[in-house]
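A short write-up of the structure that comes next.
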Amino acid sequence: MSGPTETQKGKEPQKGKEIRFIRGTYKGCTGWMNRAIKSSKKTCNVIVAHEGVEKVTRVLSSSVRNKWTEPTSFEHALVQQHADVELAMVALAELLAECGVRRNPEILALINTELTIARKKNDDSGVKTYRSVDWQGRTKRSLHDPNAMEGISSGC
């Protein structure tokens, strides 16, 4: 959802917090919250750096995330470098929230169980699926790769 905002009708846009877009027309772009006009619960007024220009527009709030910071763990680096993984996590969180689920040990245990099953399935298959993740100046193919870097905790 994008379209003209009130800032385009008279108010000068004001760059606020730096953001990134994970969905929609501007997926993969960076930008800023537009402080010239208040956002609603469902939409954000933003300034997007898109195709060499800064565009003032409105997008769905679910498309906007904070700018990445330096990753503090392998898992943070993984999510930053694989947008489809982040989007899948966001989608799962949204589905669970629709069901009234809050962060609790039971849901984390269920997710860990599914992760364990998926890792075993990947390890047992004839063709393994690996993704590269760069973290701390090194590249690692997989948390479960025996030839991968040492000293990285999987958190599992």
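Here, each number is a calculation from the coordinates, and none is a lab measurement. Since the structure is predicted, the reported quantities are computational estimates derived from the model, not experimental observations. Neighbour counts run over all protein chains shown; Cβ positions are idealised from the backbone, glycine included.
Relative to its residue count, segment 74-139 spans a Cα convex hull of 107 Å³ per residue. Modelled spin labels at K120 and T72, positioned 7 Å past Cα toward Cβ, are 3.3 nm from each other.
Considering only the Cα atoms of segment 6-66, their convex hull presents on average a projected area of 3.7 nm².
Between E54 and T129, the simple label model (points 7 Å from Cα in the Cβ direction) yields a spacing of 4.0 nm.
Annotation: peptides 86-97, 52-63, ranked by per-residue average of other Cβ atoms within 10 Å with the highest first, follow the order 52-63, 86-97. Can you give the FRET efficiency to the nearest 0.05 for K15 and E86, using r as the Cβ-Cβ distance and R₀ = 30 Å? After rounding, the FRET efficiency stands at 0.80.
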